[in-house]
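J.: My structure is below; once you've seen it, I'll send some questions.
The values are calculated or read from the model by the stated rules, or taken from the named source; none is laboratory data. What you are looking at is a predicted structure, and each value in this text was computed from that prediction instead of being measured. FYI the Cβ positions are ideal-geometry reconstructions off the backbone, even for glycines, and counts take in every protein chain you see. Surface areas here come from the heavy atoms of the whole protein model, side chains and all, with no ligands, DNA or RNA. Shrake-Rupley method; radii C 1.70, N 1.55, O 1.52, S 1.80 Å.
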Amino acid sequence: MAHDFSTLIDNCKKWNITLTEEQIKQFDQYYELLVEWNSFMNLTAITEFDEVCQKHFLDSLSIVKAYPDHYFEKNTFQFIDIGTGAGFPSIPIKIVFPNLKFTLVDSLNKRIKFLNEVIDHLQLSECIAVHGRAEDLAKNSSYREQYDFCVSRAVANLSTLCEYCMPYVKVGGKFVSYKSEKITEEAVNAEHAISVLGGKFERQVEFTLPDSDIYRNIYIISKDKVTPKKYPRKAGLPSKEPL
Ligand code: SAM
């Protein structure tokens, strides 16, 4: 192993995640590919090993703060990650919970090429990368309302994000938004969007990443009703004119 994973291993243990040798190897391969591809395309501003482990790998796994007690180990949920970029949060979650099924979506095709390389190299099964805008793909019945969980990190404000994400969630499923700041005002501004899209605020889980004062907030919206067909509006509108 080229890198020292002891801090990631210890920090994962604090969240009740025990990484296997195979999973550590996959994180190592992922890190290598990330740095290699980042030298000729823009994937991430964070490249230093310990920082990638903390701010990308561990941060992506922080969904377990909201769903503890090995919740994801026992299930075969369908996940979709909107605006996944270089694969965050979905690839780290898939490595740790290989039983989960993932669709990774991004509007930049070069990032999809990178993700296909990662999926291939790490031999991730039931994990596909799809090129498209969230607003367009949601009109396709193969994706619309097909997912138990939609996750998204660092893509847009909550109102815009709800319009991108809620159409993919099955009634009874959840939209899990990763936020890095307190979102009191953002959450108030998103109340209308959440309700017209068929959702209901469920809870938020606030914490700091282990051994740091890096604040994080997992914001969960449950889907109670079918999203009206007119949403999402045409590409560009959800961000230009949030609901
Ligand atoms: N989620 C990743 C992370 O946390 O590192 C990437 C965050 S990056 C700041 C935002 C990503 O969202 C970019 O890769 C961008 O191409 C993608 N994106 C932005 N708007 C989108 C849209 N409407 N549909 C699909 N992807 C979108």
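J.: For a quick check of your reading of the model, give me the residue pairs whose first member lies in the range 192-203 and is in contact (Cβ under 8 Å) with a residue 60 or more places away in the chain, whose second is among the aliphatic types (A, V, I, L, M), with beta-carbon atoms closer than 9 Å and at least 6 apart or on different chains.
T.: Every condition considered, the pairs that remain are Arg203/Ala66; Arg203/Ile218; Arg203/Ile220.
Table: residues versus (1) of a type in the set (Val, Ile, Thr); (2) in contact with a Lys or Arg (Cβ under 7 Å, 6 or more places away or on another chain); (3) within 16 Å of Val176 (Cβ to Cβ).
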| position | (1), (2), (3) |
| --- | --- |
| Thr7 | yes, no, no |
| Asn16 | no, no, no |
| Tyr30 | no, no, no |
| Phe40 | no, no, no |
| Phe57 | no, no, no |
| Ser62 | no, yes, yes |
| Asp69 | no, no, no |
| Val96 | yes, no, yes |
| Asn99 | no, no, no |
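J.: Within the range 88-122, how many residues are in a loop (DSSP other than H, G, I, E, B), of a type in the set (S, T, N, Q) and closer than 16 Å to Leu34 by Cα?
T.: Of all residues in the range 88-122, those in a loop (DSSP other than H, G, I, E, B) come to 88-89, 97-100, 107-108, 122.
Subsequent filtering for residues that are of a type in the set (S, T, N, Q) retains 99, 107.
Subset that is closer than 16 Å to Leu34 by Cα: none.
Here the count works out to 0.
J.: Within 11 Å of the ligand (Cβ to nearest atom) and touching an Asp or Glu at 6+ places or on another chain (Cβ under 7 Å): is that true of Leu104 in this structure? Walk me through it before giving the result.
T.: Values: within 11 Å of the ligand (Cβ to nearest atom): yes; touching an Asp or Glu at 6+ places or on another chain (Cβ under 7 Å): yes.
Taking the combined requirement at face value, the residue satisfies it.
J.: For a quick check of your reading of the model, give me the residue pairs whose first member lies in the range 134-146 and is under 12 Å from Lys234 (Cβ atoms), whose second is away from the ligand (no atom under 13 Å from the Cβ), with beta-carbon atoms closer than 7 Å and at least 6 apart or on different chains.
T.: What qualifies is Ala138/Arg144.
J.: For Asp59, which of the numbered conditions (1) over 24 Å from Ala235 (Cβ atoms); (2) open to solvent by 60 Å² or more (accessible area, probe 1.4 Å); (3) of a type in the set (Asp, Glu) fails to hold?
T.: The one condition Asp59 does not meet is (2).
J.: Then there's this: If we keep just the residues of the range 72-83 that are away from the ligand (no atom under 16 Å from the Cβ) and within 26 Å of Tyr164 (Cα to Cα), which is most open to solvent (accessible area, probe 1.4 Å)?
T.: Pass one, the range 72-83, residues away from the ligand (no atom under 16 Å from the Cβ): 72-78.
Cutting the leftovers down to within 26 Å of Tyr164 (Cα to Cα) gives us 72, 75-78.
Working: Phe72: 1, Asn75: 49, Thr76: 92, Phe77: 36, Gln78: 65 Å².
By that ranking, first place goes to Thr76.
J.: Considering the range 129-146 alone, what residues qualify as being within 15 Å of the ligand (Cβ to nearest atom) and either within 15 Å of the chain's Cα centre (by Cα) or among the small types (Gly, Ala, Ser) (or both)? Even if it seems obvious, please write down each step before you answer.
T.: So the first thing to find is which residues in the range 129-146 are within 15 Å of the ligand (Cβ to nearest atom), and the list is 129-140, 143-144.
Answer for the range 129-146, where residues must be within 15 Å of the ligand (Cβ to nearest atom) and either within 15 Å of the chain's Cα centre (by Cα) or among the small types (Gly, Ala, Ser) (or both): Ala129, Val130, Gly132, Ala134, Ala138.
J.: Determine whether the range 120-129 contains at least one residue that is among the β-branched types (Val, Ile, Thr), open to solvent by 60 Å² or more (accessible area, probe 1.4 Å) and under 22 Å from Ile95 (Cβ atoms). Before the answer, list the steps.
T.: So in the range 120-129, the residues among the β-branched types (Val, Ile, Thr) come out as 128.
Checking the rest, the ones that are also open to solvent by 60 Å² or more (accessible area, probe 1.4 Å) come to 128.
In the following step, the residues that additionally are under 22 Å from Ile95 (Cβ atoms) were identified as 128.
Yes, the range 120-129 has at least one match.
J.: Checking Pro238 against (1) over 18 Å from the mean Cα position of the chain (by Cα); (2) open to solvent by 20 Å² or more (accessible area, probe 1.4 Å); (3) within 12 Å of the ligand (Cβ to nearest atom), which single condition isn't satisfied?
T.: For Pro238, the failing item is (2).
J.: Among the residues of the range 33-64, how many are outside any loop (DSSP other than H, G, I, E, B), within 11 Å of the ligand (Cβ to nearest atom) and hydroxyl-bearing (Ser, Thr, Tyr)?
T.: Here the count works out to 1.
J.: Continuing with the same structure: Inspect the range 15-26 for any residue being open to solvent by 40 Å² or more (accessible area, probe 1.4 Å), of a type in the set (Lys, Arg) and either in contact with an Asp or Glu (Cβ under 6 Å, 6 or more places away or on another chain) or more than 13 Å from the ligand (Cβ to nearest atom) (or both) and give the result as yes or no. Working first, answer last.
T.: Kept after step one, since they are open to solvent by 40 Å² or more (accessible area, probe 1.4 Å), are these residues of the range 15-26: 16, 18, 20-22, 25.
Add one more test, that the residue is of a type in the set (Lys, Arg), and what stays is 25.
So of that shortlist, the ones also either in contact with an Asp or Glu (Cβ under 6 Å, 6 or more places away or on another chain) or more than 13 Å from the ligand (Cβ to nearest atom) (or both) come out as 25.
Yes: one or more hits.
J.: Follow-up question, since we're still on this one. Going by the conditions given, is Glu206 within 16 Å of the ligand (Cβ to nearest atom) and over 12 Å from Thr227 (Cα atoms)? Before the answer, list the steps.
T.: Values: within 16 Å of the ligand (Cβ to nearest atom): no; over 12 Å from Thr227 (Cα atoms): yes.
Taking the combined requirement at face value, the residue does not satisfy it.
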